[in-house]
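The values are calculated or read from the model by the stated rules, or taken from the named source; none is laboratory data. Quantities reported herein were computed from a predicted structural model and do not represent experimental measurements. Cβ coordinates were reconstructed from backbone atoms using ideal geometry, including for glycine residues, and neighbour counts include every protein chain displayed. Remember, those area values only see protein heavy atoms, side chains included, never the ligands or the DNA or RNA. Shrake-Rupley method; radii C 1.70, N 1.55, O 1.52, S 1.80 Å.
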Amino acid sequence: MDLDARIRRRQRRNGDRRLVRNYESLSPVAHVEEPTGRGPTFERLLDHLDPVFDGNLPPNAYVHGPAGSGKSAVVTALFAHLRRLPTETRSVIQTSTRATSPPSPAFAYLDLRTTTSEFAFYRGVLGALTEESVPEHGISTDEVRRRLHARLGGSRTGVVIAVDHVDTAEGVDPGELRDRFAGLPSNVSWLAVGREDPEPAELAAYTATSVRVGRYPRQTLVDVVMARASTGLAPQALGHDLARRVADWADGDAHDALAALFAAADRAERDGRTRLADRDVAAAIDEVPRPSVSLGRVLALPPNEQLVLRELVDLDASERTSVTETTDAISASPAVDLSAGTVKRYLYEMAETGVVERVRSEGETGRGRPPSRIEFRFPPTVFRRLYDLGR
DNA sequence: GATCCACGGGAATACACGGATG
DNA sequence: CATCCGTGTATTCCCGTGGATC
C-alpha cells in the first residue's frame, strides 16, 4: 500500500469517528431551506402573499409569535424561494407549452438586528433591488432614499419587504420604523415580523392582516431536533429519548432546543465521544439560561462588542465579581484594543439590552454603592464555538 | 470633500450606607 | 424616630471626534 492510500485511510477513519459533522446544521442561528413542521404557517403566509402570483402587491401584514417559534426560519426560507420568481427585470425563459405568468414583485428581506440605522434600512431595500452594490459611505441617507424612489418609480410591480425582528428591544422603536416605512415609495408592501402581541399600535394602523405563529408542538420539536442531529452529527449520535428530553425542556422554543443540542454536542466532542450521553444533555440544559437572548442577536452585535463577549466567556467567575473588575480583565487582554471606558460602557449597554445580566452582589457591603457581577443570558460555550467558527 | 457611525470620555445622576440633625 | 446629608461607588446619558469609505 502506498503512503497516500495509508493517509487517506487514516483520514477516513478519523473522519468517521468525528461526532460533529457539520456545525452549520446544528447552529440555532442557521436557517435551513426547508424548515421542519411549519407547513401550516407557510400556507397561511402564502395565502396572504397570493396576489404576488398575479403580479400584484399584497397589503401590509404583521407576523407574530413567541421566541423560537420559527418566524424567522419560515420567513427567510419563504423569501429565499420567492426571490427566484420571474420579475420585470429578470424573466424566465418562456416555454411554448406553459402559460406565461405575470412578472411578480421583487422581494427583500431586512433584519433589524443588523440593519439598525435609517441609512442602513434604505440601503438594504435598495440593495435588494439592484445588481450593483450601494455605497456604505460618502452618500447621504437622503440620497439613498432618492435613488430608491427613482428605482421603484419605473416599476409596475413594486417590492415586498420582510422586516424581521421588529421589537423595541432590538433597537428600532415602532414609531421610528413607521416613519421609515413612510419614507418608502407607494408601490411597496411590507411584512413585519415580531414577537409583540398585539402588534405595536404605531404599525397596526397600516396593516390589514396579522399571522400568528404558535410555539412548536412537542412532537414537532422532537422532529426538528432529530432532523438537525441527523445532518449535523454522526449517525446514531443522538438517541430519540435524549431528543425528547431536550424538546420537553425547551417547551416549544426551537432556538433553545437547538442551543441545548449544540452545547451537548460540543461537550461530547470535547470529551472525544461519538454519542451524546445523558450528562451532556443535562449539562447543556443547565447552560442555556431561560429565558435566553437569541444567539442570533448576540452574533449580530457590532464586532467589537462580540469581541468583548468572547473575552468575557473565557473569564473565571472570580474575574466577574464586579463590572469594574470584569472591565479590567477584558481590556487587559492583548486581543482587545479598546479603552477600559469603552469596554465598561459596552458591558452596561449589553446589560441594558438583555444580552448579559447584572446581578447585584450580596454579602460584605463595603463603602459606596454595591457592585454587580455579569451573568450570561446566552449559552457561553455555544457562543464561543460559533464565534470561533467565524460567524 | 462628503458621509456614516464606532469610540472615547466625561458630566450628570442614582444608590447604599452611616452619621448628623431636628 | 424620621429625615437629611456627605461620601464613595456604580450607572446612565450624551455628544464631539476621527477612522474608514466613497
* Picking from A:S210, A:S322, A:S361, which is most flexible by a Gaussian network model of chain A using Cα springs under 10 Å? -> A:S361
* **Accessible area (Å², per residue) of chain A, counting only protein heavy atoms and a probe of 1.4 Å** => 50 Å²
* At q = 0.10, 0.11, 0.14 Å⁻¹, base-10 log of I(q)/I(0) for the range A:295-388 (Debye sum, equal scatterers on each alpha carbon) -> -0.24, -0.29, -0.47
* Which GluC sites (Glu not before Pro) in the range A:14-78 pass both tests, a DSSP loop state and at most 12 other beta-carbon atoms within 10 Å? -> A:E33
* **chain A, helix-only ellipticity at 222 nm - DSSP H runs n ≥ 4, -39,500 (n - 2.57), divided by all residues, nearest 500** => -13500 deg cm²/dmol
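Would you mind calculating the relative contact order of the range A:295-388 from Cα pairs under 8 angstrom and at least 6 residues apart, reporting the percent as a whole number?
On the way: 94 pairs, mean separation 28.8, N = 94.
Result for the range A:295-388 is 31 percent.
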* Asked: In a GNM of chain A with a 10 Å cut-off on Cα contacts, which of A:D266, A:D241, A:D164 has the highest mean-square fluctuation?
  -> A:D241
* Antiparallel bridge percentage (DSSP; both residues within chain A; nearest 5) -> 25 percent
* To do: Could you please state how large a percent of the accessible area of the range A:295-388 is carbon and sulfur, counting protein chains only and using a 1.4 Å probe?
  => 45 percent
* Just the number, please: Stokes-Einstein D of chain A in µm²/s, Kirkwood Rh from C-alpha pairs, 10 °C, 1.306 mPa s. => 68 µm²/s
* To do: Measure nothing fancy, just the Cα-based angle from helix A:141-153's long axis to the longest principal axis of chain A, in degrees from 0 to 90, nearest 10.
  => 40 degrees
* **Sites matching trypsin sites (Lys or Arg not before Pro) across the range A:200-277 that sit in DSSP coil, with at most 16 neighbouring C-beta atoms within 10 Å** => A:R273, A:R275
* Structure fact -> Nearest 10, in degrees from 0 to 90: the angle of helix A:3-17 to the longest Cα principal axis of chain A is 90 degrees
* To do: Compute the acute angle (0 to 90°) between the alpha-carbon long axis of helix A:254-270 and the principal axis of greatest extent of the alpha-carbon atoms of chain A; round to the nearest 10°.
  => 40 degrees
* Taking all protein chains as present, what is the carbon and sulfur share of the accessible area of the range A:56-200, in % to the nearest whole number, probe 1.4 Å? -> 49 percent
